[in-house]
Amino acid sequence: MKTLWAVVGLVWLSACATSPSGPANGATFSGTIQGSQGGAIANATVTVTPSAGSALPAVQTAADGTYTVDNVPAGDGTLTVSNAPTNCQSSTSLAYTGVKNGGKRTLNITVGCSTTLP
């Protein structure tokens, strides 16, 4: 009988882990950061700041310039790209609006650069 209650408890905990406090309670942003003269920007910092709150934890772009930010609150805000190479703008921002819980957005950003990136 104890084993049965343990299994029921684990199933209940698993159900709670995917309830509204999970990813469906926010949106997912993903995309690619690239230079204006061509090439992906690796290791750039992507920060999402909702209008009604503090900045979310920043993420770094992968070697191919891709990024993903999970749990973006519904509403409006700003996505900022920083830590670009020295031949590129130091920071680029993009305003976003109308984000809905559970939604997915692709936000590809081009950063002004004076030369082609590798």
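Derivation of every value follows stated rules applied to the coordinates shown; laboratory data play no part. Being a predicted model, the structure only gives us computed values, none of them experimental. Virtual Cβ from ideal backbone geometry, glycine too; neighbours counted across all protein chains shown.
Some notes on this structure:
- Subset of the range 76-105 (residues that are β-branched (V, I, T), touching a residue at least 40 places away in the same chain (Cβ under 8 Å) and within 14 Å of Q34 (Cα to Cα)): V81
- Scanning the range 51-70 turns up at least one residue that is in contact with a Leu (Cβ under 7 Å, 6 or more places away or on another chain) and under 17 Å from T28 (Cβ atoms).
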